[in-house]
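Asks: Handing you a structure now.
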Amino acid sequence: MTQTILYARVSTADQTATHQRSQAEAAGFQVDHVVTDDGVSGVSTRLAERRQGQRLFDMLRRGDLLVVRWVDRLGRNYGDVCETIREFMRRGVIVKTVINGLTFDGATTDPMQQAVRDALIGFMAAMSQAQAEATKEAQKAGIMHAKAQAEARAYRGRKVSYTRNQFETVQAMLGQGAAVAAIAKATGLSRQTVYRISADPAEAEAALARWAA
């Protein structure tokens, strides 16, 4: 008796096995079993090396239908995905995708259909790897951007607690010989801030400029 098995690889929080099964059933598949791998990289870990991937190979028999949301669930490495699909076809297993409704069937005997099928397998596998690499590069860029921002914040030093107007008022009142207490009261700044501006007005203005940038 043939069976329909859904293989779900879950790599993020929004890719649950339940969601992938719902998508498959909405597309018209009658799923008999669901095999799920959680938190497994499709780039570095071949399907045959995953714990549930090994189980999948053991379960599938000639005439069975393997359903996946898309070929990227099988893997994100071009060579691995191509070999995996071809191995299933050699075993007489039909592979179908929920997205785009692709079918990979080893029973095809017409050479033209075989050529189209094999070209499609290669194209889909290449696209899976390309998407994985693009995602990796985007993540790397995001990390570099966050690091640059952190370094910029570190370079700016301690965040200033005064505005440009307050700084100029402090400078003017210091020039007029006003007491620190009077300046603090007039500007609403702490005495410590006024002392800091008074001690090194050039650095105080530079810090203001850095944080304004």
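Bear in mind these aren't lab numbers, they're just calculated from the coordinates by the rules spelled out. Quick caveat: nothing in here was measured; it's all calculated off a predicted structure. FYI the Cβ positions are ideal-geometry reconstructions off the backbone, even for glycines, and counts take in every protein chain you see.
Asks: In vacuum, with every alpha carbon of the chain counted as one equal point scatterer, what does the Debye formula give for log10 I(q)/I(0) at q = 0.18 Å⁻¹? Two decimals, please.
Replies: Debye output, listed in q order: -1.19.
Asks: Rounded to the nearest 5, what is the percent of antiparallel bridges among the DSSP beta bridges in region 1-113?
Replies: Here the share of antiparallel DSSP bridges comes out near 15 percent.
Asks: Taking θ = phi - 60°, what integer Hz values does the Karplus form 6.51 cos²θ - 1.76 cosθ + 1.60 yield along region 66-73, in sequence order, with x for Gly and Pro?
Replies: The phi angles translate into 9, 10, 9, 4, 7, 4, 5, 5 Hz.
Asks: Quick one: which residues, 5 or more positions from Asp37 or on another chain, have an amide H under 5 Å from its amide H? H modelled 1.01 Å from N in the peptide plane, none for Pro or chain starts.
Replies: Ala8, Arg9, Val10
Asks: Quick one: angle between helix 111-156 and the longest Cα principal axis of the chain, in degrees between 0 and 90, rounded to 10, please.
Replies: Approximately 20 degrees, to the nearest ten.
Asks: I'd like the Karplus ³J(HN,Hα) series for region 173-190: coefficients 6.51, -1.76, 1.60, θ = phi - 60°, whole numbers in Hz, and an x wherever there's a Gly or Pro.
Replies: Computed from phi, the couplings for region 173-190 are 5, 4, x, 8, x, 5, 6, 4, 4, 5, 5, 4, 5, 6, 9, x, 8, 6 Hz.
Asks: Give me the number: length gained by fully extending Lys140 to Phe123, i.e. 0.36 nm times residue separation minus the C-alpha to C-alpha distance, one decimal in nm.
Replies: That pair, Lys140 and Phe123, stretches by 3.6 nm at full extension.
Asks: Stretch Thr18-Gln131 to full length: gain in nm at 0.36 nm per residue minus the Cα-Cα span?
Replies: On the way: separation 113, 0.36 × 113 = 40.68 nm, distance 2.36 nm.
Result: 38.3 nm gained on full extension.
Asks: What residues of region 178-213 lie in the reach of a label at Arg164, counting those whose backbone N is under 15 Å from a point 7 Å from the Cα along Cα→Cβ?
Replies: Of the residues in region 178-213, 205-213 have backbone N under 15 Å from the label point off Arg164.
Asks: Now, a different point. To the nearest 20 debye, what charge dipole does the chain have about its Cα centre, counting +1 at the Cβ of each Lys and Arg and -1 at the Cβ of each Asp and Glu?
Replies: I would put it at about 680 debye.
Asks: Among Val81, Val160, Val34, which one moves the most in a GNM of the chain with springs linking Cα atoms closer than 10 Å?
Replies: Sorting by GNM fluctuation, first place goes to Val160.
Asks: Please enumerate, by chain and number, the lysines with C-alpha under 23 Å from the C-alpha of Lys136, excluding those fewer than 8 residues away in the same chain.
Replies: Of all the lysines, those that pass the test against Lys136 - Cα under 23 Å, at least 8 places apart if same chain - are Lys147.
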